[in-house]
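The structure that follows is given in the form of structure tokens.
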Amino acid sequence: MNVLLINMPFASLRPSIGLGLLKAHLGGIGVTARVAYFNMRFAERLGWQPYGEVAELAPVQALVGEWVFARCLFAGREADDQQWLAMLAERFRLAPERVALYQRARTEAGPFLEECLAAVDWQSYDVVGFTSTFNQNLPALALAQRLKQRYPHLTIVFGGANCEGEMGLQLHRSFPFVDYVCSGEADVSFPRLVQALRDHDPAPAIPGVIARRDGQSVAVALAPERVRHLDDLPYPDYDDYVEPARRLWPNLPDFTVLVETSRGCWWGEKHHCTFCGLNGLGLAYRAKRPARAIEEIRELCRRYAATTVQAVDNIMDMKYFREFLPALKGLGLNVNLVYEVKANLTKEQVRLLAEAGITDIQPGIESFSTNVLHLMDKGTTPLQNVQLLKWCKEAGITPIWNLLYGFPGETEEDYAETAAILDAIHHLDPPRGVGPIRLDRFSPYFDSSARYGLRNVRPDRSYRLIYGLGDDDLQRLAYYFEFDYAGGGDARQALGPAIPALERWSAHAGEGALTACDGAELITITDTRDGIAPRVTELTGPERAVYQYCDQNHTLPQIQVVASEHGMTDNALASFMQRMLAERLMAAAGGRYLSLAVAVPAPHPTDGVLNLWDSVRSALVASAPG
């Protein structure tokens, strides 16, 4: 039994942890498997930078990657093509050169599929498995159809995020050349399916496996048996990625490996963020033991000489701050580590992340409005989000985050609050993107749309223009949906007050800083935000104590206690706080206050002597003859 696992465009140009795990699982039961990175082949044809434009930068609801391969599966839909191109210009306002790139990619789709057919000895394989996530559905289906036509002995299996639950069932119904679909995580179901096929059982009753019986798509259950203990998973096998990666990037300076130390979301088990459709059927949180996770990271770094390790976890296990991060620090791996975390971290936890070598985090900030964060059930406050950005700047960690809007129930007052905060934090890392919420399958907004004031939920219009399927089929196949607000209006309606503030931040991004240097009895705050001449503020005594205390956000009664302990009256405190807010040295939201200056180390005592000598030497040079 030989199995080929295929990663089609437009998967990112990284190793596939899903296929790497399945290959390792199959090896454990004595089945020979290989991973074909056909996405890398297409990047070679198109150029890896143009490929990235489609894979990483194209608007996801436009389904650009699907459109590129659509006519390889659905012919004679030229009118829909024209509507889709018009939609790009009107809905997404894409530059003509971006659209031209998409059109060029489409001309390469057919020849690329022929290249794939010629690149493999298909007669030597028994099972071909396709992973499908985001923009991989039609590229994978187009190749699968051709394989079934030319090599009918092949068993075609689909899996991945596009195949979860009802989506997988509909995919199986709509495309009869797909023999089986694995719904949800396939660590258990796919190896069992391969074993059954090896034993000549064409209709195994395996939870999570959709099969065809008497022309009908059936499954004993759409939810698969899950891995209960992640420590039981094998290490992912990325051997098949190395050769195409070196071919695509001959002088590749950076090699990224993906690791998984947990699955699901511990926050989502308690409070599912209203817009989040991740995890699908697998929200339950499970994590590897710290020692097991450490050993896996060390082994993958050794085996592949990795320079970057990216965790695919939705959220870091809070227990990892006690054992995992200190142990990771002790390894001294000298690699860049990337993790997703929750935004309500303490300063000590941020320090632990930095000391462990974590250089980038995705903290899920999303908003600076008290009410909007409540509407999305995020479990954080505006100033918790701001203080995390500030502490990341101090620790040398890059936060990767987006600003979202369009939540049902938000108001213009929410974005007036947001605007005031935005204007005060130009010295911190800006969002990577600003955009309206999406309505994704599996999210609370999708499952309970009427409850949240959403109506007329329908598949995103891109599906109708790309797929040659009926509306009912698309309703079951789609992951992205459109909707109307029950009260009318559009997503940008409440955003208005924040738009000028976002434009100001964009105009001044990267200009200046706001720093605080705390000496023995004096805090010196230097403000060069927005390219202004340096403005220096010095705080001593009670004012210094209050500003220090507000390094973490606190309520006014809490601040009054500290001020009183240092001899400051309530009136004096009120005047000081008003001045700090007016000068944007502090921010306020939800009845709480936060100091905004980024702490920098105080100069070493010898620095002054060195600076004095530098000044004297410069003066001597300037006055020397000739």
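The values are calculated or read from the model by the stated rules, or taken from the named source; none is laboratory data. From a predicted model like this one, the values you see are computed outputs, not experimental measurements. Every residue, glycine as well, gets a Cβ built from its backbone with ideal geometry; the counts of neighbours run over all protein chains shown.
In the set 324, 275, which member is crowded, with 20+ Cβ neighbours inside 10 Å and over 19 Å from the mean Cα position of the chain (by Cα)?
Matching residue, one of 324, 275: 324.
Residue 501 - would you say it is closer than 30 Å to residue 449 by Cβ and in the same structural domain as residue 422 (by TED's automatic domain parsing)?
Working: closer than 30 Å to residue 449 by Cβ: no; in the same structural domain as residue 422 (by TED's automatic domain parsing): yes.
No.
Rundown of residues vs (1) over 26 Å from residue 52 (Cα atoms); (2) buried (at least 21 other Cβ atoms within 10 Å of the Cβ); (3) modelled with pLDDT under 95; (4) aliphatic (A, V, I, L, M), yes/no style:
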{"residue": "112", "(1), (2), (3), (4)": "no, yes, no, no"}
{"residue": "115", "(1), (2), (3), (4)": "no, no, no, no"}
{"residue": "118", "(1), (2), (3), (4)": "no, no, no, yes"}
{"residue": "135", "(1), (2), (3), (4)": "no, yes, yes, no"}
{"residue": "138", "(1), (2), (3), (4)": "no, yes, no, yes"}
{"residue": "141", "(1), (2), (3), (4)": "no, yes, no, yes"}
{"residue": "144", "(1), (2), (3), (4)": "no, yes, no, yes"}
{"residue": "155", "(1), (2), (3), (4)": "yes, no, no, no"}
{"residue": "162", "(1), (2), (3), (4)": "no, yes, no, no"}
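When residues of the range 246-263 are filtered for being part of a loop (DSSP other than H, G, I, E, B) and either surrounded by fewer than 16 Cβ atoms within 10 Å (Cβ to Cβ) or at pLDDT 95 or above (or both), how many remain?
Result for the range 246-263: 8.
Among 284, 305, which is surrounded by fewer than 16 Cβ atoms within 10 Å (Cβ to Cβ), closer than 13 Å to residue 257 by Cα, out of contact with any Leu (no Cβ under 9 Å at 6 or more places or on another chain) and not basic (Lys, Arg)?
Exactly one of 284, 305 is surrounded by fewer than 16 Cβ atoms within 10 Å (Cβ to Cβ), closer than 13 Å to residue 257 by Cα, out of contact with any Leu (no Cβ under 9 Å at 6 or more places or on another chain) and not basic (Lys, Arg), namely 305.
Okay, residues lined up against (1) in contact with a strand residue (DSSP E or B) (Cβ under 8 Å, 6 or more places away or on another chain); (2) not charged (D, E, K, R):
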site	(1), (2)
36	yes, yes
71	no, no
82	no, yes
95	no, yes
109	no, yes
114	no, no
142	no, yes
145	no, yes
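State all residues of the range 304-326 that are assigned to a helix (DSSP H, G or I) and either within 28 Å of residue 444 (Cβ to Cβ) or at pLDDT below 95 (or both); if no residue qualifies, say none.
304, 318, 319, 320
Right, here's the next one. Would you call residue 539 buried (at least 17 other Cβ atoms within 10 Å of the Cβ) and under 32 Å from the mean Cα position of the chain (by Cα)?
No: the conditions fail for residue 539.
Here's a follow-up. Collect the residues in the range 351-372 that are more than 16 Å from residue 314 (Cα to Cα), surrounded by fewer than 24 Cβ atoms within 10 Å (Cβ to Cβ) and free of Cβ contacts under 8 Å to residues at least 60 places away in the same chain, keeping them in residue-number order.
Hits for the range 351-372 are 351, 352, 354, 355, 356, 357, 359, 371.
Continuing with this model, one more query. Can you name every residue in the range 277-303 that is assigned to a helix (DSSP H, G or I) and not aliphatic (A, V, I, L, M)?
Residues satisfying the conditions are 290, 292, 295, 296, 298, 299, 301, 302, 303.
Let me ask another. Can we say residue 14 is within 25 Å of residue 151 (Cα to Cα) and not assigned by TED's automatic domain parsing to the domain that holds residue 239?
no
Would you be able to say whether some residue in the range 581-595 is assigned to a helix (DSSP H, G or I), out of contact with any Cys (no Cβ under 7 Å at 6 or more places or on another chain) and surrounded by 13 or more Cβ atoms within 10 Å (Cβ to Cβ)?
So in the range 581-595, the residues assigned to a helix (DSSP H, G or I) come out as 581-582.
Imposing the further condition that a residue be out of contact with any Cys (no Cβ under 7 Å at 6 or more places or on another chain) reduces the set to 581-582.
Narrowing the set further to residues that are surrounded by 13 or more Cβ atoms within 10 Å (Cβ to Cβ) leaves 581.
There is at least one residue in the range 581-595 that is assigned to a helix (DSSP H, G or I), out of contact with any Cys (no Cβ under 7 Å at 6 or more places or on another chain) and surrounded by 13 or more Cβ atoms within 10 Å (Cβ to Cβ).
Of all the residues that make up the range 536-557, how many are of a type outside the set (A, V, I, L, M, F, W, C), without any contact (Cβ under 8 Å) to a residue 24 or more places away in the chain and outside any helix (DSSP H, G or I)?
So the count comes out to 2.
Continuing with this model, one more query. Go through the range 327-347 residue by residue and tally those that are touching a helix residue (DSSP H, G or I) at 6+ places or on another chain (Cβ under 7 Å) and assigned to a helix (DSSP H, G or I). Reasoning before the result, please.
Initial filter on the range 327-347 (touching a helix residue (DSSP H, G or I) at 6+ places or on another chain (Cβ under 7 Å)): 327-329, 331, 333, 335, 342-345, 347.
If we keep only those that are assigned to a helix (DSSP H, G or I) too, we end up with 327-329, 331, 347.
Residues meeting the conditions: 5.
Same structure again: Name, by its number, the condition in (1) at pLDDT below 95; (2) out of contact with any Asp or Glu (no Cβ under 6 Å at 6 or more places or on another chain) that does not hold for residue 494.
Of everything listed in (1) at pLDDT below 95; (2) out of contact with any Asp or Glu (no Cβ under 6 Å at 6 or more places or on another chain), residue 494 misses just condition (2).
So which pairs qualify, if the first residue must be in the range 220-242 and farther than 18 Å from residue 36 by Cα, the second must be among the hydroxyl-bearing types (Ser, Thr, Tyr), the Cβ gap must be under 9 Å, and the two must be at least 6 apart or on different chains?
The qualifying pairs are 221/183; 222/183; 223/183; 224/183; 224/189; 225/189; 230/261; 230/262.
What are the pairs, 6+ residues apart or on separate chains, where a residue within the range 126-142 that is outside the structural domain of residue 469 (by TED's automatic domain parsing) and over 16 Å from residue 164 (Cβ atoms) has its Cβ under 8 Å from a residue that is hydroxyl-bearing (Ser, Thr, Tyr) and assigned to a loop (DSSP other than H, G, I, E, B)?
Listed pairs, sorted by first residue: 138/467.
Go through the range 348-404 and give me each residue that's assigned to a strand (DSSP E or B) and of a type in the set (A, V, I, L, M, F, W, C).
358, 361, 403, 404
Is there a residue in the range 513-534 that is of a type in the set (Asp, Glu), part of a loop (DSSP other than H, G, I, E, B) and modelled with pLDDT of 95 or more?
Checked against the condition, which is being of a type in the set (Asp, Glu), part of a loop (DSSP other than H, G, I, E, B) and modelled with pLDDT of 95 or more, the range 513-534 yields no hits at all.
Report yes if some residue within the range 1-22 is modelled with pLDDT under 95 and either over 22 Å from residue 249 (Cα atoms) or in a helix (DSSP H, G or I) (or both); otherwise report no.
Yes; the residues of the range 1-22 include at least one that is modelled with pLDDT under 95 and either over 22 Å from residue 249 (Cα atoms) or in a helix (DSSP H, G or I) (or both).
Output the residue which, of all residues in the range 181-205 that are closer than 26 Å to residue 442 by Cα and touching an Asp or Glu at 6+ places or on another chain (Cβ under 8 Å), is surrounded by the most Cβ atoms within 10 Å (Cβ to Cβ).
In this case the residue turns out to be 183.
Sticking with this one: Out of (1) among the acidic types (Asp, Glu); (2) more than 23 Å from residue 330 (Cα to Cα); (3) surrounded by fewer than 21 Cβ atoms within 10 Å (Cβ to Cβ), what's the single condition that is false for residue 410?
Condition not satisfied by residue 410: (3).
Within the range 451-472, is there a residue that is part of a helix (DSSP H, G or I), at pLDDT 95 or above, among the polar types (S, T, N, Q) and in the same structural domain as residue 374 (by TED's automatic domain parsing)?
Checked against the condition, which is being part of a helix (DSSP H, G or I), at pLDDT 95 or above, among the polar types (S, T, N, Q) and in the same structural domain as residue 374 (by TED's automatic domain parsing), the range 451-472 yields at least one hit.
Now a separate question. Return yes or no: is residue 24 closer than 30 Å to residue 230 by Cα and crowded, with 21+ Cβ neighbours inside 10 Å?
no
Let me ask another. Quick one: which of 319, 329, 288 is touching a residue at least 12 places away in the same chain (Cβ under 8 Å) and either under 28 Å from residue 252 (Cα atoms) or of a type in the set (Phe, Trp, Tyr) (or both)?
329
Out of 323, 299, 295, report the one residue that is more than 23 Å from residue 373 (Cβ to Cβ), among the acidic types (Asp, Glu) and in contact with a Pro (Cβ under 8 Å, 6 or more places away or on another chain).
Going through 323, 299, 295 in turn, just one is more than 23 Å from residue 373 (Cβ to Cβ), among the acidic types (Asp, Glu) and in contact with a Pro (Cβ under 8 Å, 6 or more places away or on another chain): 323.
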